[in-house]
Amino acid sequence: MSRQDAPGFEYRDNAEHHEAQARLGNLTAYYAWTLDLFGRAFDGPAADAGAGSGHFSSLLADRVDRLVLLEGGVQNLEALRHRFASRGNISVEDCDLTSCEETLRRHGVRSIFTLDVLEHLPDDLAVLRQFHSALPPGGRLFIKVPALQWLYGPVDEASGHYRRYSRRGLGRVVQAAGFDIDRCHYMNIAGVAPYFLKSRVLKRQENFSRTFTPKQIRRIQQVMPYLRVIDRITGPFLGLSVVCVATRR
């Protein structure tokens, strides 16, 4: 399936997507790995653009003074408001990322994080340009997206993905939005072969999180330190995701 033919992603009222988010909440070590790849210190206020159910946000909130969570799914919004009701440094905003610039400006955001979101957007460049316009000079953008277009298959279709990204391809669209690339690299080389088997060989037509049993998710959580070591040893020269850090000119 081409990018143009990909199915639209219904984010507003999508119980299946919310259920998928809930399942991934058991992979706290994976979110911690991603945060470590982004860095150690971040300027606030920060935004988690497309916060989902808040699994990554809960870790990020301990690294910044203030955090705003942008989310448009009604089930996810309910979960976020309940989860962070007692956290005074966290705000939850009902926000469509295709028109998020004013919200980001109102909160004075200096750092924007967006994990596994851009692939769901028909026009990723337009959203990245809004991020650029909302950030002050020197503001930073932190991105993680699915990698390698040759992995694209029924699992991506069922997950509402328009595309997967190469390292260079993500870098090009981020630069086109006006950012300078600080670093852009692959992550999780060990995940490539299992994903290829599920999506391209077995052609499983279900959301990515549903391709794992609860027992398998627990095992992945347990072996996460070893996956990090494999990435350090290999480079990695490819991976299941691309991680990018960029700065507003």
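The values are calculated or read from the model by the stated rules, or taken from the named source; none is laboratory data. All values reported here derive from a predicted model rather than from experimental measurement. Methodologically, a virtual Cβ is constructed for each residue, glycine included, from the backbone with ideal geometry; neighbour enumeration extends over all protein chains shown.
Identification of strands (runs of 3 or more DSSP E) wholly contained in the stretch 60-172 with 2 or more residues that are among the basic types (Lys, Arg) yields 140-146.
When the residues of the stretch 82-93 are filtered to those that are surrounded by 15 or more Cβ atoms within 10 Å (Cβ to Cβ) and in contact with a strand residue (DSSP E or B) (Cβ under 7 Å, 6 or more places away or on another chain), the one that is farthest from Thr114 (Cα to Cα) is Phe84.
When Arg232 is tested against the conditions (1) farther than 25 Å from Glu19 by Cα; (2) charged (D, E, K, R); (3) under 19 Å from the mean Cα position of the chain (by Cα), the lone failure is (3).
Considering only the stretch 128-177, state which residues are free of Cβ contacts under 8 Å to residues at least 40 places away in the same chain and surrounded by 20 or more Cβ atoms within 10 Å (Cβ to Cβ). Gln130, Ala134, listed by residue number. Find the residue count for the stretch 44-70, including only residues that are of a type in the set (Asp, Glu) and on the phi > 0 side of the Ramachandran plot. Residues meeting the conditions: 0. Somewhere in the stretch 180-202, is a residue at pLDDT below 95, out of contact with any Pro (no Cβ under 6 Å at 6 or more places or on another chain) and not in a helix (DSSP H, G or I)? Yes: the stretch 180-202 contains one or more residues that are at pLDDT below 95, out of contact with any Pro (no Cβ under 6 Å at 6 or more places or on another chain) and not in a helix (DSSP H, G or I).
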